[in-house]
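The values are calculated or read from the model by the stated rules, or taken from the named source; none is laboratory data. Given the structure is predicted, the values throughout are model-derived calculations rather than measurements. Note: ideal-geometry Cβ built from the backbone for every residue, glycine included; neighbour counts use all protein chains shown.
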Amino acid sequence: MTLAGAPQSSDDGGTNSGSGNSGSGSDGAVGGADLAIEVVGVTKRFPGVIANSDVNIAVRRGTVHAVVGENGAGKSTLMKVLYGMLRPDEGEIRIGGKPVTFHSPSDAIAAGVGMVHQHFMLADNFTVLENIVLGSEPTARGALNFGAARRKILALSKTYGLDLEPDELVENLGVGDRQRVEIAKVLFRGARLLILDEPTAVLVPHEVDELFDNLRELKSEGLTILFISHKLDEVISVADDITVIRRGVTVGTANPHSITPRQLAEMMVGSELPSPQTRNDTVRETVVLSVAGLTVADADGRDIVQDVSFDIRAGQVFGIAGVEGNGQSELVEALMGIRPAKSGRITLNGTDLTRQTTRERRLAGIGYIPEDRQRQGLILEGSLWENRVLGHSDSPPNIKGPLIDRAGARRDTERIVSEFDVRTPGIDIPALALSGGNQQKLIVGRELSGSPVLLIASQPTRGVDVGAQAAIWEHVRNARAAGLAVLLISADLEELIGMSDAIQVILRGRFVGAADPATVTAEELGSAMTGAGSAAGAA
């Protein structure tokens, strides 16, 4: 096993002092001309925080180079430096062995660097085509040439299996489709170095395989990919080289051909790879949520969810498996009162909530972890304590009489920060200053506070590291053991199988079969989700 600068012990995450080991090819094995990009001694500071400290990475041309680390380790900050969104305080970036200075993403794009962000940078009121060409509009004789752009986008969509409709409004797209638009946008600009931040977060297994085939094809054509992911098995399967960052410092490099996910997790966080496995039976007789014949339509009157029925009992995790865009989002919105039900009935602890408002459903005891934490779960400019109040302004400890109880909300935010290990310098900082994993832990802590009877968890660990993922799993397990009913929707099939007591597969808005989480495999479940087969071990 090749572990340059690997930690000598699996402690609580302290960094190894030999952080320069993967620098600019200093071992002589790879020269600057053979490197697509080099990070040499880069340091980036923010008030009260050193996000990157003397980071060194050498990326070989025509390879997939993975960068892994916990949320808050500094990966996203480093990628923003490479893409010209941030300027380093110290150190330099080299492309093809030559130092470069990026003042903006436009400079990076001109140098052949493109980035697909974990949190999408799209205009909802624009079409797919308009988003892709924005800032790079094609012209012919001084006029916009959208015909050429459409042809190019359709060709990219077909070549890379992106399944894009150029004239569709982005606001009508699910998370998976939005990510594919972002990937097409980078390819449209002809980038030679692609930075992909959590590109598989919304994909099912066969889609991940297809993406990886495409990455290998891009690599064979001389393109270079910087691949950021928390899914360590995926990293090992697709990467040619792996760099590990811990708390802003380069810990070391790893050879994916001779390291296991467990060993890689130990480099990242000082602990073994966690498992979502839950096999203790805590399911009780009491039906908490009952959904009968629920049908939900879109703005055009088309049925997106069709005649769905299910019950969730106290102490039960009920999982829904499905490829993105098969009605999961609309089902959740109908349950939360965000989208009206066309027909059917929703009952919580015997009370009909079908026509109730979102506020009334919240007061009835529903917690909600949305699929997109930044667009739906947080006010990014708001402080942590203000985000604690969000969606719960009618409930203690956030109110005193008719007024918001700031002192009570602040005290409870401090409790959540401590209990859910939200790593922050204080509760007055804006939510946008937190890493993705810490934002998610804040939301989970908020939604599990106040003794909810039902938790709707949509992609609860999307884009978080193994440490944050394990913590979220543990909090959900503990709440389940105490009698909480949980509706779980996850693109991570290992998570879905491991956490669930029962699983239903949704396809084109209908439940098409049940799967037994004790026996079904991720491959069988993924096949059933696409309609290619039935889930083995059906209940």
Criterion violated by Val113 - all others in (1) in contact with a Phe, Trp or Tyr (Cβ under 7 Å, 6 or more places away or on another chain); (2) modelled with pLDDT under 90 satisfied
(2)
Please verify whether the range 213-230 includes one or more residues that are more than 22 Å from Leu78 (Cα to Cα), assigned to a helix (DSSP H, G or I) and of a type in the set (A, V, I, L, M, F, W, C).
yes
Enumeration of residues in the range 492-539 that are farther than 20 Å from Ser309 by Cβ, at pLDDT 90 or above and of a type in the set (D, E, K, R)
Glu495, Glu524
Looking for something loosely packed, with under 13 Cβ neighbours inside 10 Å, within 27 Å of the chain's Cα centre (by Cα) and closer than 27 Å to Gly463 by Cα - is there at least one such residue anywhere in the range 390-405?
no
Hits in the range 140-156 - residues which are outside any strand (DSSP E or B) and either in contact (Cβ under 8 Å) with a residue 24 or more places away in the chain or among the small types (Gly, Ala, Ser) (or both)
Gly142, Gly147, Ala148, Ala149, Lys152, Ile153, Ala155, Leu156
Has the range 43-59 got any residue that is under 22 Å from the mean Cα position of the chain (by Cα), aliphatic (A, V, I, L, M) and within 22 Å of Ile109 (Cβ to Cβ)?
no
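Test of understanding: among Met115, Met121, which residue is in a strand (DSSP E or B) and of a type in the set (A, V, I, L, M, F, W, C)? I'd like the intermediate steps shown before the answer.
Values: Met121 fails: in a strand (DSSP E or B).
That would be Met115, the only listed residue that is in a strand (DSSP E or B) and of a type in the set (A, V, I, L, M, F, W, C).
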Could you go through the range 128-151 and let me know if any residue there is under 21 Å from the mean Cα position of the chain (by Cα) and acidic (Asp, Glu).
no
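Do any strands (runs of 3 or more DSSP E) lying entirely in the range 272-350 carry at least 1 residues that are without any contact (Cβ under 8 Å) to a residue 60 or more places away in the chain and in contact with a Phe, Trp or Tyr (Cβ under 6 Å, 6 or more places away or on another chain), and which ones are they?
Numbers: elements: 287-297, 303-313, 317-321, 343-348.
Answer list for the range 272-350: 287-297.
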